[in-house]
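The values are calculated or read from the model by the stated rules, or taken from the named source; none is laboratory data. Computed from a predicted model, the values in this text were never measured in an experiment. Virtual Cβ from ideal backbone geometry, glycine too; neighbours counted across all protein chains shown. Side chains are part of the model used for accessible areas, which takes the heavy atoms of the whole protein and leaves out ligands, DNA and RNA. Shrake-Rupley method; radii C 1.70, N 1.55, O 1.52, S 1.80 Å.
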Amino acid sequence: MGSAQWQDAVFIDGEFRKPAGGGTLGVRDKASGEIFATAGLASEADVDRAVAAAAVAQPDWAMRTYAERATVLRDAAAVLGDRAKELRELIMRETGCIGGKADYEISAAGSELIEAAGLASRATGEVLSTSHAGRFSLSERIPVGLVGVITPWNFPLVLGMRVIAPAIALGNAVLIKPSPETPLSGGLAIAELFEAAGLPAGLFGVLPGDVEVGQRLVTHPDVAMIHFTGSTTVGRQIAKTAGELLKKVSLELGGNNALIVLDDADLDQAAMIGAWSSFHYQGQTCITAGRHIVQRGIAEAYTQTLAARAEAITVGNTVTEDVGLGPMINERQLDRGRQLLAEAVAAGARVVAGGTTDGPFFRPTVVADVSRDSRLWTEEIFAPIAPIVVVDDADEAVALANDTNYGLVDSVLTGDANAGLQIARRLRAGMVHVNDATPQDEALAPFGGIGQSGLGGRSGGDSNIEEFTARRWLTVNPGPAHYPY
Ligand code: NAD
């Protein structure tokens, strides 16, 4: 991709340009540690400038026909397809993932663009009944205006695109502040797609930076809505600020997701699904399974089979080696995984596989006899660790799975799909899958959590209409109405 454009740049008002303060942000290859690119570091002045450009561009965009808006989104999807190879390598280096995860992000981002193109024509209103003679009364959908988007580093392309594409399709302008770990695939590369697709200047901006830039987006009076994906701790702060300002906010937060394995589950398939649920992308996703709740009859065999699968996974530099897992995103995340594991072991847990690290690499780890009070069990881990707790029956499994303030996703593995469905309906989570892994996402499905895993609308399909538009009640009288004075 045209990385020369990104060099030291932010994207404002349709142009890659130097940030107002001249700051830069090095982009690290997560396996080698090498700084392989430099993005611009946005300042508050850049946020203000991008907001002003959006304020000029958005009203005109909202008045364009749905066909014009849809065309830009479809064209962006075509450009994404053309640039898939370059993007693949970029995502692998910037996020430290295997090629398969990069491929997934690119294809899922393409689906978001195509589904959003279809959405442009579906934000319809309705003609309302009215008690006023001669009055024409209707409700219509209008864009929210300017949407500020704040994203994490783990799936930067798709987590950005799942907001940007529908918001733009529905007539909004969007400014994104990607994570400082991933300013390219989380922002500047997306700007290139829209630039090539002919999106009018000002409608989309990229402001790489950290807390200061995010805070300016949240507090700016002309940013109508904040869509935040990230940790529950930061989400809570953003909700507080947005609440003071009475600003619309949508939060996609963390999880501590349960994978329930019942005695009648197929052992090998359960272990395969368990391994994928906990180790996929080094366990660094919000929909990772952080709690394996296993029925007693299958527990020891499941633990050993899962451990064997963990031992067989290769770990290393995904760009130079053909491996199953890559590096952890940074030292902080690596240390957190080690710390939670050490605490659990000190409280009596048994490491059955893995448990070691080497540089930025964390071996996939299986831990049995985990205390239900340990932080390894009660908190979101974000490392490739599968903690196991044994239960006697399905009722205990449901009670334990629901014993969390989070509520993002759970899975149930059983030989009896009907029983699985009944259990699924008792789980307090925004998403539940029977006989499948916890990491699932589809552009049309309503993705999101309840409890401390999320607040606000859902991403996906027609949920996006609710998310990125407001309703307007509109009446027309045939002539002037009469009043007593
Ligand atoms: P994070 O909360 O530390 O940061 C997320 C984003 O917020 C980053 O862009 C960061 O720069 C910005 N930010 C940090 N403090 C801010 C502040 N005070 N004001 C404004 N912006 C601020 O999260 P992370 O470490 O980047 O990502 C991991 C977290 O994201 C995990 O908790 C994970 O569960 C969650 N996540 C949730 C989903 C979902 O869809 N529910 C998806 C992916 C990740």
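Some observations on this one:
- Difference of contour (0.36 nm per residue) and Cα-Cα distance, ASP373 to ARG74: 102.7 nm
- Separation between Cα centres of segment 305-329 and segment 406-485, rounded to whole Å: 34 Å
- Segment 195-317, relative contact order [Cα under 8 Å, separation at least 6], %: 20 percent
- Under 19 Å from the Cα of LYS101 - aspartates and glutamates, other chains or at least 8 residues apart: ASP29, ASP82, GLU86, GLU89, GLU112, GLU181, GLU321, ASP322, ASP436, ASP441, GLU442
- DSSP loop GluC sites (Glu not before Pro) with at most 14 other Cβ within 10 Å excluded, longest remaining stretch of the chain: 35-320
- Annotation: extensible slack from THR314 through ALA201 equals 36.1 nm (criterion: 0.36 nm per residue apart, minus Cα-Cα distance).
- Measuring only protein heavy atoms, the 1.4 Å probe finds ASP393 accessible over about 70 Å².
- Shape of the chain, Cα gyration tensor, a/c cut at 1.5: oblate
- Positive-end residue, segment 13-57 charge dipole about Cα centroid, Cβ charges, pick of ALA37, ALA52, GLY14: ALA37
- Percentage relative contact order, the chain, counting C-alpha pairs under 8 Å, at least six apart: 17 percent
- Chain lengthening between ASP60 and HIS132 when straightened (0.36 nm per residue, less Cα-Cα): 22.6 nm
- Dipole moment magnitude, nearest 20 debye, segment 219-343 about Cα centre, only Lys, Arg, Asp, Glu C-beta charged: 640 debye
- The mean accessible area for residues of the chain, using a 1.4 Å probe and ignoring ligands and nucleic acids, is 40 Å² per residue.
- Virtual spin-label span in nm between ALA4 and HIS482, 7 Å along Cα→Cβ: 7.4 nm
- Less than 5 angstrom separates the built amide H of VAL367 from those of VAL352, ALA386, ILE388, all sequence-distant by 5 or more or on a different chain.
- Using C-alpha pairs below 8 Å separated by at least 6 residues, the relative contact order for segment 84-191 is 29 percent.
- DSSP beta bridge pairing in segment 341-400, given as percent antiparallel to the nearest 5: 60 percent
- The modelled label-to-label distance between ARG296 and VAL211, using points 7 Å beyond Cα along the C-beta direction, is 4.9 nm.
- Accessible carbon and sulfur surface of the chain relative to its total accessible area, %, 1.4 Å: 52 percent
- With a Förster radius of 45 Å applied to the C-beta separation of THR475 and ASN402, the computed FRET efficiency comes to 0.45.
- Whole-Hz ³J(HN,Hα) from phi, Karplus 6.51 cos²θ - 1.76 cosθ + 1.60, for segment 281-294, glycine and proline x: 6, 6, x, 9, 10, 5, 9, 5, 7, x, 9, 9, 9, 10
- Unsatisfied cross-links (Cα-Cα over 30 Å) in the set LYS85/LYS240; LYS30/LYS177; LYS85/LYS248: LYS85/LYS240; LYS85/LYS248
- In the chain, the DSSP beta bridges split such that about 40 percent are antiparallel, to the nearest 5.
- Value at 222 nm in deg cm²/dmol, rounded to 500, when DSSP H runs of n ≥ 4 in the chain each add -39,500 (n - 2.57): -12000 deg cm²/dmol
- Here's the picture: charge each Lys and Arg Cβ at +1 and each Asp and Glu Cβ at -1 in segment 99-233, and of ILE164, ALA196, LEU146 the one pushed furthest to the positive end of that dipole is LEU146.
- Low-density loop cleavage sites - trypsin sites (Lys or Arg not before Pro) in segment 398-440, where at most 14 other Cβ are within 10 Å (DSSP): ARG425
- Think of each Lys and Arg Cβ as +1 and each Asp and Glu Cβ as -1; about the Cα centre, that makes the dipole of the chain roughly 1220 debye.
- Projected label distance in nm at ASP268 and GLU442, using a 7 Å step from Cα toward the beta-carbon: 2.8 nm
- For segment 277-408, a simple Cβ point-charge model (Lys and Arg +1, Asp and Glu -1, everything else neutral) yields a dipole of about 200 debye relative to the Cα centre.
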